[in-house]
Structures are given as structure tokens and as C-alpha cells.
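What follows draws every value from the coordinates through simple rules; no lab data is involved. Computed from a predicted structure; not experimentally measured. Backbone-built Cβ (ideal geometry, glycine too); neighbour counts: all protein chains shown.
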Amino acid sequence: MQPSFTEFHRYDELTEILRTFTREHPGLFSLESAGLSHEGRDIWNEGPAILSNAARSCAPLKAALDVWGEVTFNYASTDTPDFVPTPTAA
């Protein structure tokens, strides 16, 4: 899978892209954890499971995960310049 710079990647897609880079270019890339949770769990590898488990006892978190779980940000960029320079006579 190649990365796209015009859309956001889901967690699993981004993880696969990074693992592919690491596998194909071990001298250039290494994949390391972002850190540990307060329970000492690896955030990168266990992040989705940590949230799912926490949502079992937290209704607001469960609602947020239900709403945002399948949201994607695959849309054409709307970034445009605020102005376009217009040449003027000197």
C-alpha cells in the first residue's frame, strides 16, 4: 500500500504502510512505540484495544467511538490561496 497525501489513513492502513517501509528499507526506517499508557501498555500496538476496553464502562467514550469509528476523511483538499498576486506595472 502506498501512502496518499490527499487523504487521511485509518489506523490499520497507516500501520501497514509504516511496517512496509520498515520491512523494505530497514536501514532507513524503524518502527517504535509512541509510548506507554498509564497501565504500562504499548499505545501503538494496543491503542484500539485500550479504547474498546475502556468504552465498556464509559458511555460517552462508547458513543464517541460508535460515531467516529467509521468516519473517514477522504475528500479533495479545499486548501486554496487566500489571495492571488497580481502583477503591477513598476
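To test your reading of the geometry: what angle, between 0 and 90 degrees and rounded to tens, separates the Cα axis of helix 11-24 from the longest principal axis of the chain?
Taking Cα atoms only, the helix is inclined about 80 degrees.
So if each residue of separation counts as 0.36 nm, and I subtract the Cα-Cα distance between Thr86 and Ser33, what length gain in nm does that give?
Contour length minus Cα-Cα distance gives 14.2 nm.
At most 16 other C-beta atoms within 10 Å and a DSSP loop state: those are the exposed trypsin sites (Lys or Arg not before Pro) I care about. Give me the longest piece of the chain that has none. List each step's numbers first, then the result.
Working: sites that count: Arg10, Arg41, Arg56.
Result, exposed sites excluded: 57-90.
More than 19 Å apart: what percent of Cα pairs in the chain qualify?
Details: 2523 of 4005 pairs.
For the chain, the fraction of Cα-Cα distances above 19 Å is 63 percent.
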